[in-house]
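The values are calculated or read from the model by the stated rules, or taken from the named source; none is laboratory data. Because the structure is predicted, anything quoted here is derived from the model rather than measured. Cβ placement follows ideal geometry from the backbone for every residue including glycine, while neighbour counts extend to all protein chains displayed. Only protein heavy atoms, including side chains, enter the accessible area calculation; ligands, DNA and RNA are left aside. Shrake-Rupley method; radii C 1.70, N 1.55, O 1.52, S 1.80 Å.
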Amino acid sequence: MAELYYTARTPTSVSATSAASGYPASNALLPEIGRPWRSTSTGSNTVTIDLGASIPVTAIAVQGTNASTMAVAADN
């Protein structure tokens, strides 16, 4: 049976190892899809999204990336 999940979580903070001018990691706090975070290099970067509490995470969506490899993880 198919399931549809629709409860959005509201992060309390976002941090990144780097951020290009005008593209801060805090853009990930916004629901608009046209507000990206961009790194300052093509090297390894980490973006950490803190939900403020131990909350079950059903799915994580990442879009519009040009990374050659990517790891996405959730940790309760």
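List of remarks:
- Restricting attention to the range 61-76, the residues that are open to solvent by less than 90 Å² (accessible area, probe 1.4 Å) and under 15 Å from Thr10 (Cα atoms) total 1.
- For the range 20-33, the candidate set comprises residues that are under 17 Å from Ala8 (Cβ atoms) and part of a loop (DSSP other than H, G, I, E, B); within that set, the residue that is modelled with the highest pLDDT is Leu30.
- Here the condition is being over 13 Å from the mean Cα position of the chain (by Cα) and assigned to a loop (DSSP other than H, G, I, E, B); of Thr10, Thr69, it holds for Thr69 alone.
- Verdict on Asn45 being closer than 25 Å to Thr69 by Cβ and not in a loop (DSSP other than H, G, I, E, B): no
- Only one of the listed residues (Thr40, Thr17, Thr12, Thr46) is modelled with pLDDT of 85 or more, in contact with a Gly (Cβ under 7 Å, 6 or more places away or on another chain) and open to solvent by less than 100 Å² (accessible area, probe 1.4 Å). That residue is Thr12.
- Take the conditions (1) at pLDDT 80 or above; (2) more than 13 Å from the chain's Cα centre (by Cα); (3) of a type in the set (Asp, Glu); Glu3 misses just one of them, which is (1).
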